[in-house]
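The values are calculated or read from the model by the stated rules, or taken from the named source; none is laboratory data. Computed from a predicted model, the values in this text were never measured in an experiment. Please note: Cβ atoms are built from the backbone with ideal geometry, for glycine as well, and neighbour counts cover all protein chains shown.
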Amino acid sequence: MLPLRPIAPRRPARPALAGPFRRSPLAAALLASSALAAAAADRTIDGTDARIDTGTVAYGTLLVGGIADASLSILTSATVDTATAILGQTAGVAGTVYLRGGGTNWTNSGTLTAGDAGSGTVAVGEGATLDTADTVLGAQAGARGMVTVSGGGTVWTSTGTLTVGAGGSGSVVIESGGAAAPFAMTLADALGSEGAATVTGGGSTLTATGTTTVGAAGTATLAVAEGASAGLADVVIGEASTGSGAVSVDRGGSSWISSGTLTIGRNGTGRFEITAGADADVATTVLGEAAGAEGSLSVSGGGSTFTATGPTTIGAAGTGSVTVASAGVATLTDATLGLDAGGSGTLTVTGGGSTVTSTGTLTVGDAGTGTISITAGGAAETADVVLGAAATGVGSVVVSGGGSTLASTGTLTVGGAGTGTFTVAAGGTASLATLAAGADAAGAGTVRVTGGGSALAVSGAATIGVAGDGALQVDGGATVAVGGTLTLAAEAGSSGTLAIGGLSGATALSAGSLAADALVFGAGDGTLVFNHAEDLYAFDVAISGGGTIRAEGGTTLLSADNSGFTGTTTVAGATLLLEGTLGGDAPVEAGGTLGGTSAGGDAILGDVTFETGATYRVVASEGGMTALDVGGLVTLADGSLLEMVLDTPGGFMAGDSFAILTATGGVTGTFTLADPRLTAFLALDLDSDGSAVTLDVVQDRAFVSAARTRNQIAVATAADTLPVGGALHTAILNLADEATARTAFDDLSGAVHGSVAAMLAEDGARLRAAATERLRAARTLPPQGLAVWGSVDGAFGELAADGNAAGLSRRGGGFVAGLDAPLGEARIGALLGYRRTGFDVSGENASGTADTIELGLYGGGALGPVAVRLGAAYAHHAVETERRIVLPGLAETERADYGADSVQAFGEVGYAIAAGAVAFEPFLGLAAVSVSTDRFAEEGGEAALSGRSSADLLFSTVGVRAAADFALGSVEGMIGWRHAAGDRAAAADLAFAGGGSAFTVHGAPVAADALVADARLRLALGARAAASLGYGLQLDGAALGQSLEARFTVDF
């Protein structure tokens, strides 16, 4: 035996089982320490730090820290062999063994106890090796035991069972490339115990060929991190009902392999977490094995993977959950959620990049309850899927949120012998090979696809109600596409429902769309329900077989060939329109509406019944009416209604007759016509001869009956004399209602031509203002010499509507140039002007332009404070107009190009008053204006007009001007009140090109009274030149006019 350094103080010899050994619960194990115990002495180290750094040492029982803290260091290739070892035997006493250095080894052939009642630690590092049989860390309650294996080449091998936390707490740390290989490992063996194992760092490994139990009866954790790996056989997490275990595999490069069965929550609670790029590969997996057990598995983070090559059971008799999130990836084989009755399993896939791949059959709710939730961009790829396999099984799958997907290469069975629900919502998508709902006689399966962007695609066939009960609901803008045949209620005794919108009897919902190769009713009880809120929903899948179609909400158009349908179509509280042929009978209940979509070719092969309060809808459009041909008997109950809907007016004439309903088996009863009016001027008479129902068209109102204003009455009276059958007369007949008719009379009136005459009369004010302003300005220059002047202006304004004619808005500009010379104390001159004005009459769909050339004379003088200004002018106007006429069956543009002439004489008297630096001039002005147009004829169609218009007006203005001089010129202003008398609303005498009597209309009027004002800045440019800039305003109660003028004058 080699000496230990330092040498402990000598103590009296202790009998073999004396002292603390006798108190230890391991005494029996120490008595059994076989050959080595017989050949080597026991050794106790108390109260000192000892070391072995060379040679080989053998002990029977090694006790470090029996009654006092102690440590033993085994260094420098030393070898120690022991039969039994105890570290920290007594409560409150710590015993530690250090193994360091390559070639250093400690072999314990019996039981190694680190922390019997006290605290025990084994630290293995720097390439040393530890070989043990059974190992106990933290034997008794309150004891603590720990083993650390650190560094590359450092190895701990255990041929027996490693118990980490037998009655107390224990921990194992494998780090920095260290390796541990126990045969079997149990963490937290007893109630109240705690066990922890950590494998961390690249190259660090934990391997076990026996069973690894994490949380046998106490609380335990097993962590693999930072590139470490674990290779295990059978693993149980949460063994007893009191056991709680958690396993974590964290960080890229960290890996977990279990070649046996991984049980997460056998009787207790188990948790398994894979995060941040770690990887786990397992064989068979069970979560929540026994009733009351709970097991959870989570795979989270990009690069994190979980692969199960054997069957995966999530919730056997207990509760199991698997969560794949944040781009984690899981691969499952023959997975079952909710295996036994009472078992519950949940699979959650959430977040973009998160993926679950299931090979084999995925059973959701075998005899228990299973739920799969795919959200927020998660994805699942499966083969066959069964929801609610056994009679007690309940299975649910939800795919929700944009980017969330489920792809199945096999058959999705919703409700095998149990109950299943499959939901695609909020933009989620699912693609299947085939779909079966309610597979077994006792099975019930519901499929719902809801929400905009949500989609279900079935590449093959879909059967809703195979032998049991099935339902497919499509609503909220979702889409379902079936590449093969969609069958409802395949076998006798089954039931199958397809609902577009809400279910039958429920609240109507917005519709979704369905596409399929065909819809076939099988031998069971099949129902197609339309219970939506759409104004028009087109269903273009061909329907065949015997079953029930129910229209309960919204308006549905059946647009395919449904002649192969032999069941019953019930219309209740909704509208059903046919395009083509529908087989079977069609009862229409109170509140329901049935109709066709074409004037011929829409048919129902069986009997049709309209109950009291039911409606037959006929659409009138462009001279035709929709109709239905019935192969059987039509029964019309008292109080059944015939509704006429005018879609596109036009083409109807008095004397037309339409067969709107024919029946091979005859018609019994009579409709009540809901509204006999077809248009504003045409009405309907209802007739039946026993085999057909007809509508006859009659004119029951004159056009003038709809008119209200003078212009409308004039136009309508003339239109009543148009040739019957002419395009214009027919178009007016087909005006939908009185309001439309009045608008049409306004458009047809041509009142714009009267408005143009009034506009031209009012526009003459611009020339009067130019001449008058020139005469006023001349007073500021020397009275002798020839003066040349010019002005340009731009203006906009309007003639306000008066309740008879629509208002006219105008914008234009031009120039006036003149020259004048003194004549005694007065000045006389001549002027020339040009103006272009554009105008719109939006209330009559009319517009145009007027180009005006003006010639005039003016003169004026002053006698003391009294100033007199006179003038006369002639103008020729080139007018172009365009009117747009849009009536039912008639669309024309009428254009005219004609001349007009106007003359005016005007005068003004002012009285100058000086008041300090400001000069005032009260004034009174008069102007007589006469406008007349040439006779014109519009080019266009029957609504084109011919005629002429004229206006004679007298304008008077009273007001005051003010002026103040400054060094460079003057500032001037005017305010006044203008009154107009005479033909303020100019008349136009007109006639239609299509014939009929002539008529007179009046245009928009010139305002009777208006406030006028202007402001001007005048600048002297030397002794004989001046310039000015002016702004003008005219405001009446309904219209505003504004102008801007610039003037330049040179006196020679």
For this session: Could you pull out the residue among ALA32, ALA27, ALA37 that is touching a strand residue (DSSP E or B) at 6+ places or on another chain (Cβ under 7 Å) and either within 22 Å of ALA166 (Cα to Cα) or modelled with pLDDT under 95 (or both)?
Result: ALA37
Exercise. Can you name every residue in the range 713-745 that is over 47 Å from the mean Cα position of the chain (by Cα) and under 18 Å from PRO888 (Cβ atoms)?
Worked result: VAL715, ALA716, ALA719, ASP720, LEU722, PRO723, VAL724, GLY725, GLY726, ALA727, LEU728, HIS729
Seminar exercise, completed: Flagged in the range 934-970 as part of a strand (DSSP E or B) and within 23 Å of GLY995 (Cβ to Cβ), in numbering order, are PHE936, ALA937, GLU939, LEU945, SER946, GLY947, ARG948, SER949
For this session: With the condition kept exactly as written, say whether any residue in the range 902-916 is touching a strand residue (DSSP E or B) at 6+ places or on another chain (Cβ under 9 Å), buried (at least 23 other Cβ atoms within 10 Å of the Cβ) and within 30 Å of ALA731 (Cβ to Cβ).
Result: no
Problem set entry | Residue in the range 558-580 that is surrounded by the most Cβ atoms within 10 Å (Cβ to Cβ), counting only those that are part of a strand (DSSP E or B) and in contact with an Asp or Glu (Cβ under 6 Å, 6 or more places away or on another chain) | LEU578
For this session: Could you look through the range 433-469, keep only residues that are among the charged types (D, E, K, R) and assigned to a strand (DSSP E or B), and pick out the one that is surrounded by the most Cβ atoms within 10 Å (Cβ to Cβ)?
Result: ASP469
Problem set entry | Sole residue being farther than 21 Å from ARG935 by Cα, loosely packed, with under 15 Cβ neighbours inside 10 Å and assigned by TED's automatic domain parsing to the domain that holds ARG935, chosen from GLY1022, GLY1030 | GLY1022
For this session: Identify the residue in the range 610-666 that is surrounded by 21 or more Cβ atoms within 10 Å (Cβ to Cβ) and hydroxyl-bearing (Ser, Thr, Tyr) and, among all such residues, is nearest to VAL697 (Cα to Cα).
Result: THR626
For this session: Determine which single condition PRO676 fails, assuming it passes every other condition in (1) within 46 Å of the chain's Cα centre (by Cα); (2) surrounded by fewer than 24 Cβ atoms within 10 Å (Cβ to Cβ); (3) modelled with pLDDT of 95 or more.
Result: (3)
Seminar exercise, completed: When the range 519-545 is checked residue by residue, the ones that are crowded, with 18+ Cβ neighbours inside 10 Å and of a type in the set (Gly, Ala, Ser) are GLY522, GLY524, GLY526, ALA542, SER544, GLY545
For this session: Determine if the range 923-930 includes at least one residue that is in a strand (DSSP E or B) and farther than 23 Å from ALA765 by Cα.
Result: no
Problem set entry | Residue under evaluation THR242, criteria (1) more than 25 Å from THR157 (Cβ to Cβ); (2) assigned to a strand (DSSP E or B), criterion not met | (2)
Problem set entry | In the range 185-234, residue modelled with the lowest pLDDT [restricted to those that are surrounded by fewer than 24 Cβ atoms within 10 Å (Cβ to Cβ) and of a type in the set (Ser, Thr, Tyr)] | THR209
Exercise. Taking the range 392-423 on its own, how many of its residues are under 17 Å from ALA439 (Cα atoms) and either free of Cβ contacts under 8 Å to residues at least 24 places away in the same chain or part of a strand (DSSP E or B) (or both)?
Worked result: 12
Problem set entry | Residue that is modelled with pLDDT of 95 or more, under 21 Å from VAL424 (Cα atoms) and not in a strand (DSSP E or B), where the choices are THR507, THR497 | THR507
Seminar exercise, completed: Quick count over the range 191-239, residues being touching a Lys or Arg at 6+ places or on another chain (Cβ under 8 Å) and assigned to a loop (DSSP other than H, G, I, E, B), is 4
Problem set entry | Check on ILE274, within 18 Å of ALA367 (Cα to Cα), modelled with pLDDT of 95 or more and within 38 Å of the chain's Cα centre (by Cα) | no
For this session: Could you please let me know if GLU921 is touching a residue at least 40 places away in the same chain (Cβ under 8 Å) and either touching a Pro at 6+ places or on another chain (Cβ under 9 Å) or small (Gly, Ala, Ser) (or both)?
Result: yes
Exercise. Which residue pairs have Cβ atoms closer than 8 Å, lie 6 or more positions apart in sequence or on different chains, and pair a first residue in the range 792-819 that is without any contact (Cβ under 8 Å) to a residue 24 or more places away in the chain with a second residue that is in a strand (DSSP E or B)?
Worked result: GLY813/VAL792; GLY813/ASP793; GLY813/GLY794; GLY813/ALA795; GLY813/ARG835; GLY813/ARG836
Exercise. Within the bounds of the range 457-473, is there any residue that is on the phi < 0 side of the Ramachandran plot and in contact with a Lys or Arg (Cβ under 6 Å, 6 or more places away or on another chain)?
Worked result: yes
Exercise. Only one residue in GLY750, GLY725 is under 17 Å from LEU945 (Cβ atoms), in a loop (DSSP other than H, G, I, E, B), out of contact with any Asp or Glu (no Cβ under 7 Å at 6 or more places or on another chain) and touching a residue at least 24 places away in the same chain (Cβ under 8 Å), so which one is that?
Worked result: GLY750
Exercise. Just checking, which of ALA800, ALA770 is surrounded by 21 or more Cβ atoms within 10 Å (Cβ to Cβ) and in the same structural domain as ALA850 (by TED's automatic domain parsing)?
Worked result: ALA770
For this session: Look through GLY1032, GLY976, GLY1037, GLY1022 and report the one residue that is assigned to a strand (DSSP E or B) and modelled with pLDDT under 85.
Result: GLY1032
Exercise. Got at least one residue in the range 410-423 being within 20 Å of GLY477 (Cβ to Cβ) and out of contact with any helix residue (DSSP H, G or I) (no Cβ under 6 Å at 6 or more places or on another chain)?
Worked result: yes
Problem set entry | Test: THR361 is in contact (Cβ under 8 Å) with a residue 24 or more places away in the chain and under 16 Å from PHE422 (Cα atoms) | no
Problem set entry | Inter-residue pairs, beta-carbon under 7 Å, first of a type in the set (D, E, K, R) and in the range 110-124, second surrounded by fewer than 24 Cβ atoms within 10 Å (Cβ to Cβ) and modelled with pLDDT of 95 or more, 6+ apart | ASP116/GLN140
For this session: Go through the range 581-619 and give me each residue that's outside any strand (DSSP E or B) and among the hydroxyl-bearing types (Ser, Thr, Tyr).
Result: THR597, SER598, THR612
Exercise. If you take the residues in the range 581-601 that are buried (at least 19 other Cβ atoms within 10 Å of the Cβ) and aliphatic (A, V, I, L, M), which one is nearest to GLU643 (Cα to Cα)?
Worked result: LEU594
For this session: Have a look at VAL286, VAL282, VAL249 and point out the one that is in contact with a Phe, Trp or Tyr (Cβ under 7 Å, 6 or more places away or on another chain) and either in a loop (DSSP other than H, G, I, E, B) or within 21 Å of VAL356 (Cβ to Cβ) (or both).
Result: VAL249
